[in-house]
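Everything below concerns the one structure shown next.
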Amino acid sequence: MIRSIVLRRPLLFILATFGLLILVNLLCTAVFFPSQLSAKTQQSVQDGMPFFPFRASTDNRKLEGHMFQDPKACGACHKDIYKEWEGSVMANAWQDPIYRELLKRTSEATGGAMDNFCIGCHSPIGLTTGTATARGPEAKIAEDGVGCESCHNISASTGVGNGSFVLTPQKNGRPLKFGPHKDAESTFHDSAYSDLHTKSEICGTCHNVTHPFNQLRIEETYDEWRDSPYNAKGIQCQDCHMTPGPGVTGNPGKAAPTGKERDHVFSHSFSSANSTLLDHFGKKEMSERARDMLRSAATIEFLESPSRIRSGETVKVSLRVNNTGAGHKLPTGFPEGREVWVDFKVVDSDGREVYRLGAVRDGHTEKGTKSFKAILGNSKGEVVDINVWEAERLLSDTRILPYGHADVEYAFTADDRVRGPLRIQADLYYWAFPQHIVDELLGKGAMTVDIVRMGSVSKEIPLASTSSR
């Protein structure tokens with residue numbers, strides 16, 4: 001009997017392993033090749049996610065465009081808020097030409113498998129009402145991008161990222177708006193207090209992005225904040241991105257003429273860093289606000305540099321870049337585009353360039369540039385800079401943590417032709433997308449990327465006299 005049990009153990013182990021391999025194969029097929037699943041299996045997978053692979057839900061109700069208010073209707077009472085929103089990246093999320101070209105390419109490359117995933121955060125109402133597709137909107141409400149109702153109809157979150165929110169535009173046939181005030185009243189719509197709207201978690205429903213078929217974490221803005229000292233101090237996303245500008249902590253007034261006087265009215269400009277897109281849409285005030293945000297986010301300083309420079313000798317200069325004002329990594333967001341870098345220059349008294357590293361050449365930061373960014377890769381380990389659907393791994397991440405810093409070092413040689421003193425300058429720059437990516441997506445001349453100088457530091461260093469050698 002004992003021998004029989006012993007003999008069976010290898011057989012049981014083999015059978016269990018074989019069964020596990022079959023299960024893994026089925027799961028991989030379901031995740032990576034959904035088109036190969038039977039219609040019945042696909043339906044069972046999608047029952048809990050009606051807009052699969054996007055995570056939004058609607059309380060098991062079919063939503064139609066007429067259930068949502070046009071933002072202009074909201075603007076009739078909330079004039080200032082509407083004006084702020086109208087000039088924001090949120091309002092232009094669906095119209096963003098870079099996004100639309102990427103959506104088109106993604107749809108074609110994946111046979112539409114990622115359409116819902118890509119549409120949901122840029123036109124939540126368009127997706128949930130079926131009026132936005134990879135080919136374009138079929139109704140005006142879809143063109144409003146992330147409009148008033150996209151946030152103020154969120155009744156709950158079901159998690160973090162990939163659009164994990166519940167949209168509830170009506171209750172008992174009446175329009176219903178969720179917001180941060182317990183005493184809000186309106187004759188136009190019903191109002192409900194939402195603790196979710198006072199916290200970063202509402203931002204986290206979209207501002208964490210995970211590849212739907214291989215689970216690669218593409219954007220982690222919410223997680224970066226969650227794991228930061230900002231969260232520990234109780235500083236929410238809204239405290240920085242829903243104020244009139246950097247450093248402004250209070251904005252007293254009324255949200256509507258008949259509304260209550262508040263100590264703080266949240267700004268709906270959603271100040272961010274994408275000055276390029278705002279410039280493209282002619283939103284000059286908002287693009288300058290974006291540049292203000294960037295200039296308040298970081299500092300750059302000298303750590304070590306020589307007091308004198310001798311010709312023919314190697315000179316070393318070290319610098320520190322500090323993330324002083326961003327409650328997430330610097331930079332954050334779409335990894336294929338966002339980049340912060342140092343442009344380091346040494347010039348002599350005649351204006352002759354002795355050394356430079358960090359210039360933009362042919363739409364790229366030049367090779368060897370000290371830059372801060374995340375780089376994604378495909379299954380072969382090759383860099384992915386446009387075909388985001390092919391991303392399977394994170395190749396590198398040099399971005400700077402909140403309240404963190406990064407040190408960089410430069411080495412150069414001044415030859416005997418230089419005339420002193422030498423001027424050393426380090427500029428800290430940001431762009432939302434490298435120019436070469438925009439040119440590839442839209443064509444040369446279609447959009448000029450705004451390169452923002454976030455900070456700068458410089459000093460003059462004299463040459464050592466020959467007699468002092």
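One residue is enough: does the stretch 78-95 have a residue meeting the conditions more than 15 Å from GLU149 (Cβ to Cβ), over 16 Å from the mean Cα position of the chain (by Cα), outside any helix (DSSP H, G or I) and not β-branched (Val, Ile, Thr)?
yes
Pairs under 6 Å by beta carbon, first residue farther than 15 Å from GLN425 by Cβ and without any contact (Cβ under 8 Å) to a residue 24 or more places away in the chain in the stretch 303-315, partner among the small types (Gly, Ala, Ser) and loosely packed, with under 15 Cβ neighbours inside 10 Å, six or more apart or different chains?
GLU304/SER318
Going residue by residue through the stretch 176-190, is there one that turns out to be among the aliphatic types (A, V, I, L, M), crowded, with 22+ Cβ neighbours inside 10 Å and in contact (Cβ under 8 Å) with a residue 24 or more places away in the chain? Explain how you work it out, then say what you get.
Our first condition is that a residue be among the aliphatic types (A, V, I, L, M); within the stretch 176-190, this holds for 176, 184.
Those left that are additionally crowded, with 22+ Cβ neighbours inside 10 Å: none.
No, that holds for no residue.
Scan GLY120, GLY136, GLY145 and give me the residue that is touching a residue at least 40 places away in the same chain (Cβ under 8 Å) and either on the phi > 0 side of the Ramachandran plot or of a type in the set (Lys, Arg) (or both).
Checking each option against the conditions leaves just GLY145.
Only residues that are out of contact with any Leu (no Cβ under 8 Å at 6 or more places or on another chain), of a type outside the set (Val, Ile, Thr) and over 22 Å from PHE178 (Cβ atoms): list them for the stretch 116-153, please.
Within the stretch 116-153, PHE117, GLY130, ALA132, ARG135, GLY136, PRO137, GLU138, ALA139, LYS140, GLU143 meet the criteria.
Can you tell me which residue in the stretch 417-469 is nearest to the chain's Cα centre (by Cα), limited to those that are surrounded by 18 or more Cβ atoms within 10 Å (Cβ to Cβ) and of a type in the set (Ser, Thr, Tyr)?
TYR430
In the set ASP350, ASP362, which member is surrounded by fewer than 18 Cβ atoms within 10 Å (Cβ to Cβ), more than 30 Å from GLY420 (Cα to Cα) and among the acidic types (Asp, Glu)? Steps first, answer last, please.
Details: ASP350 fails: more than 30 Å from GLY420 (Cα to Cα).
Just one listed residue meets the conditions, ASP362.
With respect to LYS459, is the statement that it is out of contact with any Pro (no Cβ under 6 Å at 6 or more places or on another chain), basic (Lys, Arg) and in a loop (DSSP other than H, G, I, E, B) true?
Details: out of contact with any Pro (no Cβ under 6 Å at 6 or more places or on another chain): yes; basic (Lys, Arg): yes; in a loop (DSSP other than H, G, I, E, B): no.
So LYS459 does not fit the description; no.
Exactly one condition in (1) touching a helix residue (DSSP H, G or I) at 6+ places or on another chain (Cβ under 9 Å); (2) assigned to a loop (DSSP other than H, G, I, E, B); (3) not hydrophobic (A, V, I, L, M, F, W, C) is false for ARG417; which is it?
Going through (1) touching a helix residue (DSSP H, G or I) at 6+ places or on another chain (Cβ under 9 Å); (2) assigned to a loop (DSSP other than H, G, I, E, B); (3) not hydrophobic (A, V, I, L, M, F, W, C) one by one, ARG417 breaks only (1).
Could you look through the stretch 133-159, keep only residues that are farther than 23 Å from SER269 by Cα and among the β-branched types (Val, Ile, Thr), and pick out the one that is surrounded by the fewest Cβ atoms within 10 Å (Cβ to Cβ)?
THR158
Quick one: would you say GLU336 is surrounded by 14 or more Cβ atoms within 10 Å (Cβ to Cβ), touching a helix residue (DSSP H, G or I) at 6+ places or on another chain (Cβ under 8 Å) and within 20 Å of ASP450 (Cα to Cα)? So that I can check it myself, show each step before the final result.
On the way: surrounded by 14 or more Cβ atoms within 10 Å (Cβ to Cβ): yes; touching a helix residue (DSSP H, G or I) at 6+ places or on another chain (Cβ under 8 Å): yes; within 20 Å of ASP450 (Cα to Cα): yes.
Considered against the rule, which asks whether it is surrounded by 14 or more Cβ atoms within 10 Å (Cβ to Cβ), touching a helix residue (DSSP H, G or I) at 6+ places or on another chain (Cβ under 8 Å) and within 20 Å of ASP450 (Cα to Cα), GLU336 comes out as yes.
Could you please find all residues in the stretch 399-409 being assigned to a loop (DSSP other than H, G, I, E, B) and surrounded by fewer than 17 Cβ atoms within 10 Å (Cβ to Cβ)? Steps first, answer last, please.
Going residue by residue through the stretch 399-409, those that are assigned to a loop (DSSP other than H, G, I, E, B) are 399, 401-404.
Selection gives LEU401, TYR403, GLY404.
Could you tell me which numbered condition GLU288 fails, if it satisfies all but one of (1) among the acidic types (Asp, Glu); (2) over 18 Å from the mean Cα position of the chain (by Cα); (3) outside the structural domain of ASP415 (by TED's automatic domain parsing); (4) farther than 30 Å from ILE386 by Cα?
(4)
Can you go through SER200, SER123 and tell me which one is closer than 30 Å to LYS233 by Cα and in the same structural domain as ARG226 (by TED's automatic domain parsing)?
SER200
Return only the number of the condition from (1) surrounded by 17 or more Cβ atoms within 10 Å (Cβ to Cβ); (2) over 24 Å from ALA326 (Cβ atoms) that ASN378 does not satisfy.
Answer for ASN378: the failing condition is (1).
Scan the stretch 113-121 and tell me whether some residue there is over 23 Å from GLN215 (Cα atoms), of a type in the set (D, E, K, R) and either in a helix (DSSP H, G or I) or over 21 Å from the mean Cα position of the chain (by Cα) (or both). Please lay out each step first, then the result.
As a first pass, look at the stretch 113-121 and keep what is over 23 Å from GLN215 (Cα atoms): none.
Among the residues of the stretch 113-121, not one is over 23 Å from GLN215 (Cα atoms), of a type in the set (D, E, K, R) and either in a helix (DSSP H, G or I) or over 21 Å from the mean Cα position of the chain (by Cα) (or both), which makes the answer no.
Against the condition in contact (Cβ under 8 Å) with a residue 24 or more places away in the chain, touching a strand residue (DSSP E or B) at 6+ places or on another chain (Cβ under 9 Å) and not assigned by TED's automatic domain parsing to the domain that holds ARG320, how does ARG262 come out, does it pass?
Numbers: in contact (Cβ under 8 Å) with a residue 24 or more places away in the chain: yes; touching a strand residue (DSSP E or B) at 6+ places or on another chain (Cβ under 9 Å): yes; not assigned by TED's automatic domain parsing to the domain that holds ARG320: yes.
Against the criterion (in contact (Cβ under 8 Å) with a residue 24 or more places away in the chain, touching a strand residue (DSSP E or B) at 6+ places or on another chain (Cβ under 9 Å) and not assigned by TED's automatic domain parsing to the domain that holds ARG320), ARG262 qualifies.
Can you find even one residue in the stretch 169-179 that is part of a helix (DSSP H, G or I) and either at pLDDT 95 or above or among the basic types (Lys, Arg) (or both)?
Going residue by residue through the stretch 169-179, those that are part of a helix (DSSP H, G or I) are none.
So far as the stretch 169-179 goes, no, none of its residues is part of a helix (DSSP H, G or I) and either at pLDDT 95 or above or among the basic types (Lys, Arg) (or both).
Looking at PHE433, PHE412 in this structure, which one is touching a residue at least 24 places away in the same chain (Cβ under 8 Å) and assigned to a loop (DSSP other than H, G, I, E, B)? If you could, list the steps in order and put the result at the bottom.
Working: PHE412 fails: assigned to a loop (DSSP other than H, G, I, E, B).
Result of the check over PHE433, PHE412: PHE433.
The values are calculated or read from the model by the stated rules, or taken from the named source; none is laboratory data. All figures in this text were calculated on a predicted structure; none of them were measured in a lab. Reconstructed Cβ throughout: ideal geometry from the backbone, glycine too, with neighbour counts over all protein chains shown.
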